[in-house]
1. Would you mind getting me the FRET efficiency between residue A:84 and residue A:10? Use the beta-carbon distance for r and R0 = 22 Å, nearest 0.05.
2. Amide H to amide H under 5 Å from residue A:151: which residues, 5+ apart in sequence or cross-chain, H placed 1.01 Å off N in plane?
3. Of B:174, B:23, B:100, which is the most mobile in a GNM of chain B whose springs link Cα atoms less than 10 angstrom apart?
4. List the relative contact order of chain B as a percent without decimals, with contacts defined as Cα pairs under 8 Å and 6+ residues apart.
5. Can you tell me the FRET efficiency between residue B:78 and residue A:18 if r is taken as the Cβ-Cβ distance and R0 is 56 Å, rounded to the nearest 0.05?
6. Cα gyration tensor of the stretch A:30-109, axes a ≥ b ≥ c as square roots of the eigenvalues: rounded (a/c below 1.5), prolate (a/b > b/c) or oblate?
7. For Cα pairs less than 8 Å apart in space and 6+ apart in sequence, what is the mean separation divided by the residue count of the stretch A:103-173, i.e. the relative contact order in percent?
8. Taking θ as phi - 60°, what are the ³J(HN,Hα) couplings along the stretch A:72-86 by the Karplus curve (6.51, -1.76, 1.60), each to the nearest whole Hz, with x for Gly and Pro?
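The values are calculated or read from the model by the stated rules, or taken from the named source; none is laboratory data. Here the structure is a predicted model, which means the values were calculated and not measured. We place every Cβ from the backbone using ideal geometry, glycine too, and count neighbours over all the protein chains shown. The protein model used for the area step is the full one, side chains on, heavy atoms only, and it has no ligands, DNA or RNA in it. Shrake-Rupley method; radii C 1.70, N 1.55, O 1.52, S 1.80 Å.
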Amino acid sequence: MLDPLLSVRDLKLSFQTERGELRLFQGLNLDVGKGEVLGVVGESGSGKSTLAYSIIRLLPPNARFEGGSVVLGGKDLTKLSEKQMRDVRGRDITMVFQDPTTALNPVFRVKDQMLKVIKANIGVEGAEARVLAMGMLRNVELPDAAAIMGSFPYELSGGMQQRVMIAMALTSNPQLLIADEPTSAVDATIQVQILKLLDRLRREKGFSVLLITHSIAVAKEVSDRIAVMYAGDIVEEGEAEKVVDSSKHPYTQGLVKCIPAPRARHESRRDLATVPGEVPDLTDPPPGCRFHPRCPYVMDVCRKTKPGYWKAGDSHALCYLYEGGKA
Amino acid sequence: MNIGAYVIRRALLMVVVLVGTITVTFFLSHLVPSNPAIFFGGQNPTPQEIQRITQEYGFNTPLYNQFYIYLRDVLTGNLGMSLSFQLPVLALILEGLPNTLTLAAISTAIALLIGIPLGIEAARHAGKRVDSLLRVFSVGFVGLPQFWLGIILQLVFAIWWGILPIGSYGGTLTYLSFHPIKTITGSYLVDALLSGNMGGFAAIAESMILPVITLSLYPLGIIVRHTRASMLATLNQDYVRTARAYGIPEREINYGLAFRNALPPVLIYAGLIFAGSIIGVIYVEDVFNLIPGIGYLVIYGTGTGISSSGISGSVDTPLILGVAIVTAIIYALSNFAVDLVQIYYDRRIIK
Ligand SMILES: Nc1ncnc2c1ncn2[C@@H]1O[C@H](COP(=O)(O)OP(=O)(O)O)[C@@H](O)[C@H]1O
Ligand SMILES: [Mg+2]
């Protein structure tokens, strides 16, 4: 990989829940290179959003950070005060959320929401800010910028709302854009448009993207590298093509098998197939490898101790099949 | 639906509610087991007068016909004659209402201006010490009986410490008779200000301090509780997280953004509090011997005042009914006003 922009090292994080402590991350490592798109893939509940919130430090109140570092451009974000972190958000890191219909404020016009973001991050107000906002809207391919500025979010389509979110996220040329399932709430054609838009903007502006998606097919199309997540662990990581076309970890192989055939992809039923079994209850996770109850290749050792993160072909995998990097 | 159609619909609804209220008051007044002509005839009417009034008002006709006459009278502003004052009820009410509304508006405004920020702070620090402290005070305020509070405030500030007048109608009137104010709005406080009579303004304002405290603590507690609840729900919304992710400062998130989302349910209570405080004003005007508003009319009309010497011990039914109708109108209007503010804040309501 190129120079890392973001390095997550040995991240440990748990949630306090009614059913006890949920130890989600037990030493997670992740890098995002400068100008790179890293796809983070995994089923719902694997910890993708929590990873995003850990990086941008917007965790829910019952989350407990238990150690590790999140270094962005040489700065360890976990060491910053809340006030310093506020300057990082919106300027160095921003985020686009899954459901634009709830992520935009319903009682403010687009204009007012954009102007607040511009004021907070660039310190510009009034006419100057309005010109900036219009330019941003055009840049996300919303041609009738003036009309959109005067609209309330619910007057726009889901795709338009997501473009507005992206425009706001890119206000101050951030270094890292985290996109948490940015296209899950829109239909297939819009999905492609939004992904192409993100790709174009990234090429123009040079920011890095952490793209979270539950679809490994989407991740392959738009990412340089892919990290596959399962139950709070990164179980496989490598170049996007390699991870998909020659998957190493049994879980990744399962995800790839679920990619619908090209013809079926046009039908909007995306969940035709799933990996057999269910994500475990993480307040009481399986001992050893967290994937072992669902694994077709399970061995005795998998039930007892957690595997290491070994080299597996051109990728890395958290699996005893590659113990000592031999495969 | 567009905004115009929505407003018209709400206005029509308001009229329907009002007619309903007037209907109920009419039939309630007919539960009184006596000849209404006697009430309308002033004190000690002669049989001839009773006869004349019975004819004139149609009291000998069927109830539905009487109801029709009553409704027609009310809708044309004829609320009858007051027994105790021998003056038209409407004129009496219109004279007193501005002073009553002034007191109600000031107490509601204070409850909102202090209660909303306190509620926001309570929500921001939910579960922390500030929140617990605010909870103790706001629940306490809601539990304080106003009649008790009024007397305690008089005891402490007027009798023990002597820093505020116990009840200053007399003193204020004496001052105003030497330094008269023009009648512009009918509210003494506002008129004193508008006619540049600062001495009069100060005297009236001073006499209102304890009444306003008495009236505003209860709504203050209510507003703090409801603002906290509404704000807590708002702070959990996705769009608040978005604002944080885009680096909006915390202060701006609370007071510039989330506050606007949390406001509509609080406004509903604000409307009810304003209208409901009319009832409190009736009591407070009497206890603090304030410039007469409609409270003073009720006290005389029912002969139940604490300080009223009582011109008559009997019930002045037309006057009381008139006050009831006017109070209902105030309720309906403040509800309507809240509706309008709600649409201003959130257009989705009309969808
Ligand atoms: N606030 C929370 N309290 C308790 N558990 C949580 C909380 N947020 C997420 N989790 C749990 O953490 C795991 C990962 O959740 P999440 O990060 O939302 O996954 P994903 O985004 O991949 O669907 C899930 O088991 C979820 O139940
Ligand atoms: Mg998620």
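1. The pair residue A:84/residue A:10 has a calculated efficiency of 0.50.
2. A:110, A:111
3. Maximum among the listed residues: B:174.
4. 26 percent
5. The computed FRET efficiency comes out at 0.30.
6. rounded
7. Numbers: 71 pairs, mean separation 31.0, N = 71.
Worked out over the stretch A:103-173, it gives 44 percent.
8. So the J values, rounded to whole Hz, are 10, x, x, 9, 7, 5, 5, 9, 6, 6, 4, 5, 5, 5, 4.
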